[in-house]
Amino acid sequence: MNRSSFSARRALAAAVFVLLAGCSGGGSASESTASDSIPVGVLHSLTGTMAISEIPVRDATLLAIQEINAAGGVLGKPLEPIVEDGASEPATFAQKAQKLIQQDHAAAVFGGWTSASRKAMLPVFEANKALLWYPVQFEGNECSPNIFYLGAQPNQQILPALDWSFEQKLTKIYLLGSDYVFPRTANLILKKHIEDRGGVVAGEDYVPLGGTDFSSVINKIKAAGPQIIFNTLNGDSNVAFFKQLQAEGLTAEALPVISFSIAEQEAKAMGPSLVAGHYAAWNYFQSLPGAPNEKFVAAYRAAYGADQVVDDPMEAGYVAVYLWRQAVEKAGSTDPEAVRKAAWGLTMDAPEGPVGIADNQSLSKAVRVGKLLPDGQFEVIWGTDAPVAPEPYDPLAFPGKSCGWGGGA
Amino acid sequence: MSDLAFYLGQAFNGLSVAGILLLAALGLSLSFGLMRVINLAHGELLMLGGYLAFVAQRAIPGDVGFLAALPLAFVGAGALGAALYQTVIRRLEGRPLDTLLATWGVSLILQQAARSAFGATGVEAVSPRALQGAWTLSGSLQGLTISWLRLFIIGLAALTLAGVWLFFQRTRLGREARAVQQDRDMAQALGIDAERVNRTVFALGAGVAGLAGACLAFLAPVTPTVGMSYVVDAFLVVIVGGVGSVVGAALAALAVGGLSAAAQAVTSASVAKTLLLAATIALLQIRPQGLLPQRTREG
């Protein structure tokens with residue numbers, strides 16, 4: 001052993017260090033903010049494992065901003081969107097949120113997808129007394145005065161899906177998710193409710209975010225023999241999971257999967273034939289009837305191409321801007337505290353149907369289960385009749401906790 | 001599903017993971033063993049193989065596209081490897097830290113190029129009909145399925161390993177490569193063109209990485225950052241196996257794949273990964289040079 005081998009090993013160690021530290025960074029967009037326009041931040045992952053899902057939400061958010069500007073803006077001023085890339089890294093989300101608030105003076109920020117990114121941004125918004133409009137279903141168990149939660153709470157997605165599953169007599173359930181806060185908390189809540197209703201948790205498994213090897217997981221699923229899989233995988237992992245499930249000869253008829261992060265966009269990117277026959281639970285599907293939805297789909301396609309599809313988080317990102325505008329016009333100012341209070345109790349005829357902002361800053365909304373067709377669209381096969389009120393804290397999993405500021409509704 | 005079927009299934013899964021890891025790590029092991037070059041762009045050569053497989057399938061629909069995908073990925077990634085050697089690595093001879101930084105830069109450029117060319121969203125390749133589905137066992141092994149595609153990948157990894165081994169043992173160029181590795185000055189004094197040898201071995205390693213990428217494209221999506229996630233595992237295999245050793249890399253891939261599958265039988269994938277890294281640290285305490293270190297005069 002001599003010096004050159006020693007230094008080579010050190011170099012190798014340095015290589016691993018560099019790789020593990022990862023490469024973050026990326027450019028930032030526009031700087032100047034004219035005083036006659038209102039800057040708003042749009043913060044989504046445009047790169048990395050979450051880009052597949054988040055880029056379309058950015059596009060839907062920008063569409064709403066364009067529409068509002070075409071209709072005269074907010075308080076007579078046009079909105080100036082400032083787009084930043086969260087790069088699928090929670091730390092980057094926090095850093096870019098700080099930049100949008102402090103440097104760009106964004107009146108509101110629309111963005112985030114993974115709960116990890118939201119948790120990373122939360123202290124930034126609370127410290128700066130700014131507002132984040134978050135468009136994705138999540139695990140609940142959080143209620144910040146500086147965040148508006150436009151996606152489903154657990155009682156507006158996963159628990160209604162459990163109702164549906166039990167109605168279908170599918171009571172032996174396997175829980176599979178990416179390893180971060182949303183799947184872990186969602187499954188914690190699901191386990192309590194499955195046991196409470198006399199069902200069986202056949203197994204529970206987590207794969208690192210972005211993980212692509214599911215051979216062992218699928219082997220364990222086969223050994224456990226569940227009737228249905230509740231899937232909270234996020235991002236590219238879903239493609240790998242369904243591909244490998246199919247390669248093992250497990251069809252949707254033999255073992256259905258109900259997913260909570262696969263919507264029209266993901267189905268399109270994955271190739272619908274891979275997931276056809278499986279299920280998803282959401283508040284919004286592109287196939288829903290009604291004039292507001294037809295208008296939304298048509299506007300999106302006119303802006304981004306006739307072959308485009310829309311989905312639940314995109315709809316929430318779109319609705320978020322309109323609800324924020326309503327609140328600003330009601331408050332007569334873009335001051336976050338005034339906007340926040342004005343927002344409680346607002347309602348809107350959204351593409352998904354009537355929604356309302358509760359005083360816990362989440363939306364009341366209807367819940368549906370859809371079955372994926374080979375053309376990539378969902379056939380709605382089950383739904384709640386009326387909007388469901390949001391419950392940030394599940395009474396069974398987190399007893400005694402509640403949230404709300406007593407205004408509005 | 002019986003316990004036996006479950007554990008046999010896990011053993012097969014371990015082998016399958018080992019096959020991919022071996023393909024991903026072999027080139028890294030070669031370039032490090034021969035030239036003491038730590039190629040941080042190795043993952044991007046793998047990524048290129050994945051995208052080439054996707055392109056081949058787009059250009060030639062049907063099962064012929066699959067047959068074209070593998071050689072195209074091998075040749076394409078190999079060509080990029082040769083170009084990388086010629087333009088960057090050759091000029092930084094004997095400067096490991098500079099090579100490290102330069103190849104890292106190349107890796108960032110290639111990632112961004114892929115993002116510009118194919119978009120941030122993953123693409124994928126479809127396996128031919130003959131490899132879709134699985135061999136389903138019955139009787140006491142009821143529930144055990146052996147996916148044809150995974151079997152194919154294991155076979156391809158074994159063939160590649162045999163090919164690389166034969167290259168080093170049986171061909172003139174391979175023997176020259178071993179001579180250069182053992183004592184470069186002496187080999188050059190005997191008239192061996194060390195640069196040509198290095199370039200060939202580097203391109204060969206890059207080509208194998210391209211094959212790994214093509215295989216991955218049939219199992220999982222190819223994204224601009226797919227190389228990043230695999231190069232860490234590939235380094236792990238190289239370190240455990242002992243740098244520069246083809247057989248060591250094969251043993252290490254088997255150990256890593258097997259341990260990962262065994263750990264996942266009892267715990268989740270996340271915990272299994274942690275256990276794997278802990279086991280590697282423990283191994284390096286006992287055998288700092290890896291399982292089968294290469295003995296050379298240069299060290």
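What to note about this one:
- Selection count where residues are in a helix (DSSP H, G or I) and either crowded, with 24+ Cβ neighbours inside 10 Å or in contact with a strand residue (DSSP E or B) (Cβ under 9 Å, 6 or more places away or on another chain) (or both), scope region B:237-247: 5
- Output for region B:242-273, where each listed residue is under 30 Å from A:Phe241 (Cα atoms) and more than 10 Å from every other protein chain (Cβ to nearest Cβ): B:Ala249, B:Ala250, B:Leu251, B:Ala252, B:Ala253, B:Leu254, B:Ala255, B:Val256, B:Gly258, B:Leu259
- Test: residue in region A:368-385 that is in a loop (DSSP other than H, G, I, E, B), among the hydrophobic types (A, V, I, L, M, F, W, C) and in contact with a strand residue (DSSP E or B) (Cβ under 6 Å, 6 or more places away or on another chain): yes
- Candidate set: region B:112-131, residues that are touching a helix residue (DSSP H, G or I) at 6+ places or on another chain (Cβ under 7 Å) and hydroxyl-bearing (Ser, Thr, Tyr); chosen: the one farthest from the other protein chains (Cβ to nearest Cβ): B:Ser127
- Search result, residues across region A:188-217 that are among the hydroxyl-bearing types (Ser, Thr, Tyr) and out of contact with any Gly (no Cβ under 7 Å at 6 or more places or on another chain): A:Thr212, A:Ser215, A:Ser216
- Test result for B:Ile192, open to solvent by 10 Å² or more (accessible area, probe 1.4 Å), at pLDDT below 90 and touching a helix residue (DSSP H, G or I) at 6+ places or on another chain (Cβ under 7 Å): no
- Filter result (closer than 13 Å to B:Gly27 by Cα and at the interface with chain A (Cβ under 7 Å from one of its Cβ atoms)) within region B:214-238: B:Val231, B:Phe235
- The listed residue being away from chain B (no Cβ under 14 Å) and more than 23 Å from B:Ala269 (Cα to Cα), out of A:Ala269, A:Ala263: A:Ala263
- Here B:Ala255, B:Ala234, B:Ala220, B:Ala265 are screened, and the one residue that is buried (at least 24 other Cβ atoms within 10 Å of the Cβ), among the small types (Gly, Ala, Ser) and more than 13 Å from the chain's Cα centre (by Cα) is B:Ala220.
- Pairs, first of a type outside the set (A, V, I, L, M, F, W, C) in region A:297-325, second surrounded by fewer than 15 Cβ atoms within 10 Å (Cβ to Cβ) and in a helix (DSSP H, G or I), C-beta under 7 Å, six or more apart: A:Gln308/A:Arg301
- Elements of type helices (runs of 4 or more DSSP H) in region A:163-253, at least 3 residues being without any contact (Cβ under 8 Å) to a residue 24 or more places away in the chain and within 14 Å of another protein chain (Cβ to nearest Cβ): A:215-224
The values are calculated or read from the model by the stated rules, or taken from the named source; none is laboratory data. Just so it is clear, the structure is predicted and the values come from calculations on it, not from any experiment. Cβ atoms come from the backbone with ideal geometry, glycine included; neighbour counts cover every protein chain shown. Ligands, DNA and RNA are excluded from the accessible area calculation, which covers all protein heavy atoms including side chains. Shrake-Rupley method; radii C 1.70, N 1.55, O 1.52, S 1.80 Å.
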